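Everything below concerns the one structure shown next.
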Amino acid sequence: MNNVVISGIFWLIFAIVLALLEVEIEGQKGWAEKLPTWYKRTGIGKVYGFVMNKKPMTGYHTILFVFLLLIFHAHYFQGCTWTWKNELKTISLILTISVVWDYL
């Protein structure tokens, strides 16, 4: 198999694991509805709600998003060269994984 196929399989498995983790954490109630976390609907939370179909900004989702940003950017701190081209590839990967993860 070539690297593109292996990479695609890896990221598909990654999205499946994220989806399963989200189901385990949130249960039947989506969007951290029953989690002991903060909810923000004003200020930046209002902008977030506009982008996310009126869903509140939560501590759970904020921490998860920052955690995933760190994971997706880890290779830059392990010797890979950061360039705008590489950053755009990273962002496109994050967006692709987010769509697949959300679908699952």
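Of all the numbered requirements in (1) within 20 Å of Thr96 (Cβ to Cβ); (2) free of Cβ contacts under 8 Å to residues at least 12 places away in the same chain, His61 misses one, and that requirement is (2).
Does Trp11 count as outside any helix (DSSP H, G or I) and either closer than 22 Å to Tyr103 by Cβ or of a type in the set (D, E, K, R) (or both)? Can you show your working first?
Working: outside any helix (DSSP H, G or I): no; either closer than 22 Å to Tyr103 by Cβ or of a type in the set (D, E, K, R) (or both): yes.
In short, no.
Just one of (1) in contact (Cβ under 8 Å) with a residue 12 or more places away in the chain; (2) farther than 19 Å from Leu64 by Cα; (3) not small (Gly, Ala, Ser) fails for Thr42. It is (1). Applying a threshold of 6 Å to beta carbon distances and a minimum spacing of six or more residues, or different chains, the list of pairs starting in the stretch 1-22 at a residue that is over 16 Å from Phe72 (Cβ atoms) and ending at one that is in a helix (DSSP H, G or I) reads Ala19/Trp101.
Inspect all residues belonging to the stretch 86-102 and state whether any of them is in contact with a Lys or Arg (Cβ under 9 Å, 6 or more places away or on another chain) and touching a residue at least 24 places away in the same chain (Cβ under 8 Å). No: the stretch 86-102 contains no residue that is in contact with a Lys or Arg (Cβ under 9 Å, 6 or more places away or on another chain) and touching a residue at least 24 places away in the same chain (Cβ under 8 Å). From the list Thr96, Thr37, the lone residue that is touching a helix residue (DSSP H, G or I) at 6+ places or on another chain (Cβ under 8 Å), β-branched (Val, Ile, Thr) and assigned to a loop (DSSP other than H, G, I, E, B) is Thr37.
Quick grid of which residues meet (1) at pLDDT 90 or above; (2) under 16 Å from His61 (Cα atoms):
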residue: Phe14; (1), (2): yes, no
residue: Gln28; (1), (2): no, no
residue: Trp31; (1), (2): no, yes
residue: Thr37; (1), (2): yes, yes
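The values are calculated or read from the model by the stated rules, or taken from the named source; none is laboratory data. The structure displayed is predicted, hence computed values, not measured ones. Note: ideal-geometry Cβ built from the backbone for every residue, glycine included; neighbour counts use all protein chains shown.
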